[in-house]
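Bear in mind that the values in this text are calculations on the coordinates, not laboratory data. Please read these numbers as outputs of a predicted model, since none were measured by experiment. Positions of Cβ are generated from backbone atoms using ideal geometry, with glycine treated the same way; all protein chains shown enter the neighbour counts.
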């Protein structure tokens, strides 16, 4: 009887540990590509992770808003997110990266900021219409 309780307890604890939520990154940076902000990161550990969420905050929109979800590919994977929906002029933009577990837990990474000012080339009729959607 004691042996079977010990085995069940061991299996429960092992299952709990296997399902533990842990994410760590080797690299996490912000830069510009074609004038647009781009977050890049490389995962080291992605245990029980479901996806990453990218949130943005700017001077004209002071609260963080979710702007993208990236599905987890596995430990050692590289990720990039280009913010193609940013239509603000000459301001500092901040980005927050979150890892989200299968159970909905959130792990937040440091805020990254970048100065953004779009070029005249990007001001097409389509981009102007998108500002009002």
### Task
Measure off 7 Å from each Cα along the Cα-to-Cβ vector at residue 75 and residue 114, then give the distance between these two points in nanometres to one decimal.
2.9 nm
## Note on the structure
With label points set 7 Å from each Cα along the Cα-to-Cβ direction at residue 65 and residue 22, the distance between them in nm comes to 3.7 nm
#### Entry: Backbone N within segment 35-63 under 17 Å of label point (7 Å from residue 106 Cα along the Cβ vector)
49-58, 62-63
